[in-house]
Every structure is written in structure tokens, then in C-alpha cells.
Amino acid sequence: MSSESQSDRTIDCTGLYCPEPVFRTRIALDEMEKGEIIEVVADDPAAEEDMKSLVKHLGHSILEIRKQEKVLHIFIRKER
């Protein structure tokens, strides 16, 4: 995906630490339709690995991970 990634939904998890970003992302994904994209914004140092694990477990796809200083922007497409 290009640096012009567009999302259908964004959740801001900055200031939250494991497991809260994972819980919030899981709830948001459950509410979304197949093919929609969510952008998760997080600054938890564990967020990148936690999101990779969650997405793999649920069968979705990470399209892009952007790092801006200590903040991650993770774009996930719901696959099912």
C-alpha cells in the first residue's frame, strides 16, 4: 500500500498500553465489514508485535505500518 493509505475507520490508542490497543482493535474489527480498512494509531512499544500477532490469529492483513517518531500507524484490512 502506498504512503497515501486510506482507512474506513481510525482508532486512536495513543497513551494506552497492552492489552488495551489489542482489545480495542479486536472490537473495531468485529464491527467492520469484510474488505474495510482500519488505521490503528498507537505509541505502545509492544503495539507493532501485538498487532501482527492479533491480525495473524484473526486471519486479516496488515497493509502498512508507518512510524512517525514513537507513534505507529498500522493499517489493517478485514479479510473475513
Look at Ser5 and say whether it is at pLDDT below 95 and among the hydroxyl-bearing types (Ser, Thr, Tyr).
yes
Taking region 1-13 only, how many residues are exposed (fewer than 12 other Cβ atoms within 10 Å of the Cβ) and of a type in the set (Ser, Thr, Tyr)?
2
In this structure, does Arg66 turn out to be among the basic types (Lys, Arg) and in contact (Cβ under 8 Å) with a residue 60 or more places away in the chain?
yes
Scanning region 42-72 for residues that are of a type in the set (Val, Ile, Thr) and closer than 14 Å to Val22 by Cβ gives Val55, Ile62
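The values are calculated or read from the model by the stated rules, or taken from the named source; none is laboratory data. No experiment lies behind these values; they were computed from the predicted model shown. Every residue, glycine as well, gets a Cβ built from its backbone with ideal geometry; the counts of neighbours run over all protein chains shown.
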